[in-house]
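Data first, discussion second: the structure below is written as structure tokens.
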Amino acid sequence: MQDTFFLVIFYVTAAVAVLSTLLMISRLNAVHGLLYLIVSSLSLAIIFYLLGAPFAAALEVIIYAGAIMILFVFVVMMLNMGHKGVEQERQWLKPGGWIGPGLLALVLFAVFVPALSGGLVSTGPRLVSAKAVGIALFGPYLLVVELASFLLLAGLIGAYHIARPPEITGDDSDSLTSARHHDDIAIEPLQGAG
Amino acid sequence: MLDWLWLVPGLPFLGFLILFAGQGKMPKRWTTLVGVGSVGLAALVTLLIAVEFYGTPEAALTYRQTLWTWMEAGSLKPGFSLYLDGLALSMLFVITGVGFLIHLYASGYMYEDEDFPRFFTYTNLFVAAMVMLVLADNLVLLFLGWEGVGLCSYLLIGFWYRDPENGRCARKAFIVTRIGDTAFAIGLFLLFRELGTLDIQDAMSAATATWPRDSGTATLIAVLLLGGAVGKSAQLPLQTWLPDAMAGPTPVSALIHAATMVTAGVYLIARTHVLFQLSTDAMQLVALVGVLTLLMSGFTALTQTDLKRILAYSTISQIGYMFLALGVGAWSSAIFHLMTHAFFKALLFLTAGSIILSVHHQQDIFKMGGLRKALPVPFATFLVGCLGLTALPPTSGFFSKEQILNAVWSSPTGGQLIWAGAVLGAFITAIYTFRMFFIVFFGEQQTEAHEHKGFKFHVPLIVLAVLAAVGGFFHLPLTSALPHAGHDHVPLGVEVTAIALPMVGVLLAYLLFYRQIPALRQLFETGPLKSLAAFFYSGWAMDWLYDRLLVKPFVALARWNSKDLVDQLPAVVSRGAALFHRLLSLSQNGQLRYYVATMALASLVVMAVAVYTG
Amino acid sequence: MVDVALIDHVFILAAILFCLGLVGVLVRRNIIFMLISMEIMLNAAGLAFIAAGSAWGQPDGQVMFLAVVTLGAAEVAVALGLTLLLFRRYQSVDVDNLKELRG
């Protein structure tokens, strides 16, 4: 009985995940899309929990539904597209545009299914505690942790540098403004990397 | 003293090296000292050698000096080795002696020119190359000097290179002589294949031993060598470059016409006379080339108005006499005429240079006139030169030309018809020479003239005038080097005709151009004679003919092939690569989503292969 | 707890999510939607790792999931910075503006 309950929850959350993802990719408003991404992430977190990975489920909620989502929301706010953005999206999203990617995804799925199913001889999901994950992380996977820290630091510095407004760079601002005055000169594509 | 032989080509070459290293930055005084001095010292060494040479008995009149081996390839071992005999010594006299006088004159004539050092750099190399040509004991070394002479003539004709026309003349001289040089080179290859040696003396003795008289191979090689000689000496059919060579400075013209360059062809045939003796046909051809050239260029000279061009055509004509002499086997007469011609032609050119300089670079004789009073020294020396050219006794030209004409009469390859042509040539020579003389120095003075006085201008003229006057009494040491054409007995009438006709010519010129008898002038200025004169004026339209026959088709061919047919095959590869590059760069279209799709598709393919085959 | 077939179904779910994410990346011209779709794809990969890890009862799957999450976080930070640049340049989030990068 417990197994049935378990299975029902699994399939329902799986359906929610697929549905919310479908809705997410088809939204016109970016904020709506983000909300559906939260739903998708949350349902995935439930699935992680069901699969016996409570640590991963917690991380999924904290990092995806929390941190990354906040980043997206900030950027959407900064861009401040509003209704103009929705109109734009309506023009861009023509029904005919879905055919090619859809077919490609279908073929990919057709390859995935035989590749992923039936190969595993397992007794079913087992609980892997956060303690076990911690021991693995700081034991054999120590190098992965170090690499992850490097990656995050690089991401931090890179993001800061790339997104810095051009006005801050002092000398460059003069040349940028002067270049904008001479739009007919074809140096426009060269600037802006700083 | 004979050990010093290497100094004769060495000194001018050293002068060339010093001037070349100086890069035109040396003071003019030093440049003059090196440029003129080197040739002067070479002339002095030649004189010292000659003194010793005359002291030895006639039979042993050869000297060989090997400096070093140039290269070694199988049996071909050309060395830098010099060979001196009477023929070479005679040539050395002319080259260094007359060359020195021309250099001395040029040091005054060219003094104001901004490229004064460059001039002497070229002329020193010119003399060095010519001496090397004459002294070479093998044909490879001779060819080196031969090409060196060609190079220097190119550089000197185009000396005032800022005028593109001069560059064109220089190129013409270079290319036309190149045609002859190619024939010469082929002749050398053939000679080496047949005889296995290019040493001149060895090859000559081997030739007599190997080939019978009138053998085809000997004729072929002789004709090929003649081709080279014809190119260098501006004979029919390669004579067209010489009149254009007047683009160079006047001392260069003197150098080319008298001391070096054009005499090289005569020397070559004299040097390889054994080959020519083997073939009656080749000899006949040489004689025919000579007589036709002398007549053609004589008629052309009659109609020219440019002082230097008249002299140029007269040179072609006089070298035609030398070829005629070679063709009839009067070898020593040819070299004798070469020497006397060097004297009076150098004299004429240098005097012409003085005249042209005095009348501010005016070269048209009809715009001069009456210069007798203004230019006394050039007038006197020019008169001597004209007498020599006309071969009036007792000037040097008389003796040499007389020898030639007598030899032509009695030679098997000559004959009465050719003799008549040669005498007619002498008659025409007298007319055009004195036409030039009377028009330049008599009549009304048309321009102002300022005589350039001074040591450097007058001494060479006077020395050359003396030589041109008495050069006929010189005895050249040729008896051991060249076979003597048997003493010629010709009928008295023949001899008298040959002497009298030039005098008649002078008289005719006197009547036409000094007295200016109207009836006679009328004859030449109207009717068919006038158009004939126009035809002669263009040099028998040879330039026109070659332009249509050779130059234009060749240029058209070159233009047609300018894309180079052979290059088309490799171009397919490069064009294919470029096409492939364009196709590939089409795929890089900047559409990010397109890239994503491509990556997805590629991963899909890889995955599918992994899943369904593994 | 559950039978073996469940693991296969989890994998199929991961495949579906991945393909949907791919469709999103390919279809949208708005760069923000493309990035969100990529998050979906990363999530799907993480799901596959966790499913495999739990099937074997090993922690390695979750370790790899952590790595995926780290990668996603860093990627999103840099990519959003680039988005801001794109918007500043063209006043638009249309990724096709980057056509100038063609060779």
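Of note:
- Qualifying residue in the stretch A:52-66 (condition: at the interface with chain C (Cβ under 10 Å from one of its Cβ atoms), among the aliphatic types (A, V, I, L, M), surrounded by fewer than 21 Cβ atoms within 10 Å (Cβ to Cβ) and within 21 Å of residue C:33 (Cβ to Cβ)): yes
- Restricting the stretch A:67-118 to residues that are more than 8 Å from every other protein chain (Cβ to nearest Cβ) and at positive phi leaves a set whose member that is most open to solvent (accessible area, probe 1.4 Å) is A:80.
- Of the listed requirements (1) within 10 Å of chain C (Cβ to nearest Cβ); (2) free of Cβ contacts under 8 Å to residues at least 40 places away in the same chain, residue A:8 misses just one: (1).
Matching residues to (1) farther than 15 Å from residue B:593 by Cα; (2) modelled with pLDDT under 90:
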{"site": "C:35", "(1), (2)": "no, no"}
{"site": "C:44", "(1), (2)": "yes, no"}
{"site": "C:54", "(1), (2)": "yes, yes"}
{"site": "C:58", "(1), (2)": "yes, yes"}
{"site": "C:62", "(1), (2)": "yes, no"}
{"site": "C:71", "(1), (2)": "yes, no"}
{"site": "C:85", "(1), (2)": "yes, yes"}
{"site": "C:93", "(1), (2)": "no, yes"}
{"site": "C:98", "(1), (2)": "no, yes"}
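- Taken over the stretch C:52-73, the criterion of being farther than 18 Å from residue A:139 by Cβ and open to solvent by less than 10 Å² (accessible area, probe 1.4 Å) is satisfied by C:54, C:55, C:69, C:72.
- Residues located in the stretch C:39-68, provided they are within 7 Å of chain A (Cβ to nearest Cβ) and either closer than 18 Å to residue C:22 by Cα or acidic (Asp, Glu) (or both): C:39, C:40, C:43, C:47, C:60
- Output for the stretch C:14-36, where each listed residue is among the aliphatic types (A, V, I, L, M) and at the interface with chain A (Cβ under 7 Å from one of its Cβ atoms): C:15, C:16, C:17, C:20, C:22, C:23, C:26, C:27, C:32, C:36
- Any hit, the stretch B:409-423, residues being closer than 23 Å to residue B:102 by Cα and at pLDDT 80 or above: no
- Within the stretch B:587-600, residues that are at pLDDT 85 or above reach partners that are in a helix (DSSP H, G or I) and open to solvent by 40 Å² or more (accessible area, probe 1.4 Å) with beta carbons closer than 8 Å, at six or more positions or on different chains, in the pairs B:597/A:100; B:598/B:587.
- Some residue of the stretch B:149-157 being closer than 23 Å to residue B:254 by Cβ, open to solvent by 70 Å² or more (accessible area, probe 1.4 Å) and at pLDDT 85 or above: yes
- Beta carbons closer than 9 Å, at least 6 apart along the sequence or on distinct chains, pair a first residue in the stretch B:210-226 that is of a type in the set (Phe, Trp, Tyr) with a second that is surrounded by fewer than 22 Cβ atoms within 10 Å (Cβ to Cβ) for B:211/B:194; B:211/B:217.
- Some residue of the stretch B:356-366 being touching a Phe, Trp or Tyr at 6+ places or on another chain (Cβ under 9 Å) and surrounded by 24 or more Cβ atoms within 10 Å (Cβ to Cβ): no
- Filter result for residue B:424 (without any contact (Cβ under 8 Å) to a residue 60 or more places away in the chain, out of contact with any helix residue (DSSP H, G or I) (no Cβ under 6 Å at 6 or more places or on another chain) and closer than 22 Å to residue B:314 by Cα): no
- As a summary of the residue check, residue A:50 satisfies the conditions (1) within 27 Å of residue A:102 (Cα to Cα); (2) more than 16 Å from the chain's Cα centre (by Cα); (3) touching a residue at least 60 places away in the same chain (Cβ under 8 Å) except for the one numbered (1).
- Members of the stretch B:328-367 that are touching an Asp or Glu at 6+ places or on another chain (Cβ under 9 Å) and of a type in the set (Val, Ile, Thr): B:359, B:365
The values are calculated or read from the model by the stated rules, or taken from the named source; none is laboratory data. Note that the coordinates shown come from a computational prediction; the quantities given were computed from them, not determined experimentally. Quick reminder, even Gly has a Cβ in these numbers, built from the backbone with ideal geometry, and neighbours come from all protein chains shown. Just the protein is used for accessible areas: all its heavy atoms, side chains included, with ligands, DNA and RNA removed. Shrake-Rupley method; radii C 1.70, N 1.55, O 1.52, S 1.80 Å.
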